[in-house]
Every structure is written in C-alpha cells, then in structure tokens.
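Chemist: Let me begin by handing over the structure; questions about it come next.
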Amino acid sequence: MNHPGSQSPKPLERQSFQHTLRTTLAAATSLMVVQACGLEGAFWAVVTTVLVTQSSQGSEWAVSFQRLTGTLVGGITAAVLTVFFPAGFTLFVAGMLAMGLICTLLPMQTSAYRFAGIALAAVMLPDQTTPIRMVAVHRILEAAIGIVVGMGVTAMWREGTNPGADRGGTT
C-alpha cells in the first residue's frame, strides 16, 4: 500500500532543499570568516555570499570576477571622491555616473556596475564616525570575502549534486 507521506522527495524538492543547505552553509562560513578577520561589517559579506550562491549558474567564475572588480571600483571610487569632496547626495550621484563610465570604458558587464553601486552606497551613505577611506577598505574586504566564500561553496557543491558524493568514478 502506498501512503501519501511515504513517497521519496521529488527531484525538484530535493534540489530546493540542497540549494537551501548550500546557501546556508555559504552564509555561515562567510560570517565566520568575517568574524575571524575582526571585521565589523558581517552584513555585507553575508549578503554578498547569498547573492553569489543564489545566482551562480553557467559562467559563474567570470561573473564573480566581474562582481569583485565592480566592488573594487565602487569602494575605490567612494574613497577617492570623499578625499576631495564632502559626502552627500550630489557626490553619490556623481560617483554612480563616474562608475558607469569606468565600467563602460573597461568594458565591464552590468553585474560589475551593480556591485560597484552597492559598494559605493555601502561606503558613502551610512552615517559614519570612521573615516570613509577605512570604511571603503572594510567594505571591499567584506564583499570580497562574500564573493570568494560563495564561489568556493558553489564550486564544492554544484547545483543538483550531493556535496559528499564521489565525483570521480563511472557514470
């Protein structure tokens, strides 16, 4: 007799559960790395990790390199601009436009500009007592940790695979 609750999970349910476990593992790892490094912005590392693991499909290494490059562009742009001008609405808008031009001239993908904008906002918009250049360094490091951890977990635990399964062997 076949009971409704006795069926094995459907492949889609299993894949969703594995994706949940993989994302949770990546977020927890990112949080531990940030705390071990003594950085205060665990939020940025974890959010970046979740973004990376949620969207890692196909050419994830190239996209993640673009994200990392964009993060550097955004953090450096914020640090440089605030050396010469007071932070505020006008400078933020000018920074977004400048990063758009930089990303277009390099040429970088949209994901690079998106992460550049996130980094610029993370550095320039919060009310800070810490110098913005130091905040920029911390946000770049935190986002980099998030990208690296997200990609590392994604590389070790591909979608639809069991992380402990033997990957060698026959098919």
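Chemist: Counting pairs of Cα atoms in segment 32-107, how many percent are more than 20 Å apart?
Modeler: 49
Chemist: Summing +1 for each Lys or Arg and -1 for each Asp or Glu, what net charge is found among the other residues whose Cβ lies under 11 Å from the Cβ of GLY74?
Modeler: Counting the neighbours of GLY74, the net charge comes to +3.
Chemist: Arrange the following residues from fewest to most other Cβ atoms within 10 Å of their Cβ: CYS103, CYS37.
Modeler: CYS37, CYS103
Chemist: Under unit Cβ charges (Lys, Arg +1; Asp, Glu -1), what dipole magnitude, rounded to 20 debye, does segment 22-156 have relative to its Cα centre?
Modeler: 140
Chemist: Between segment 82-101 and segment 22-43, how far is it from one alpha carbon centroid to the other, in angstrom?
Modeler: 29
Chemist: Same structure again: Dividing the alpha-carbon radius of gyration of segment 22-156 by 2.2 N^0.38 Å (N being the number of residues), what value is obtained?
Modeler: 1.02
Chemist: For SER16, SER111, what ranking results if the residue with the fewest other Cβ atoms within 10 Å of its Cβ goes first? Kindly include the intermediate steps, with their values, before the conclusion.
Modeler: On the way: SER16 12, SER111 19.
Ranking SER16, SER111 by Cβ neighbours within 10 Å, fewest first, gives SER16, SER111.
Chemist: Based on other C-beta atoms within 10 Å, arrange PHE17, PHE65 from fewest to most.
Modeler: PHE17, PHE65
Only the coordinates and a few stated rules stand behind these numbers; no lab work does. Quick caveat: nothing in here was measured; it's all calculated off a predicted structure. Counting neighbours? That spans all protein chains shown, and the Cβs are built from the backbone with ideal geometry, glycine included.
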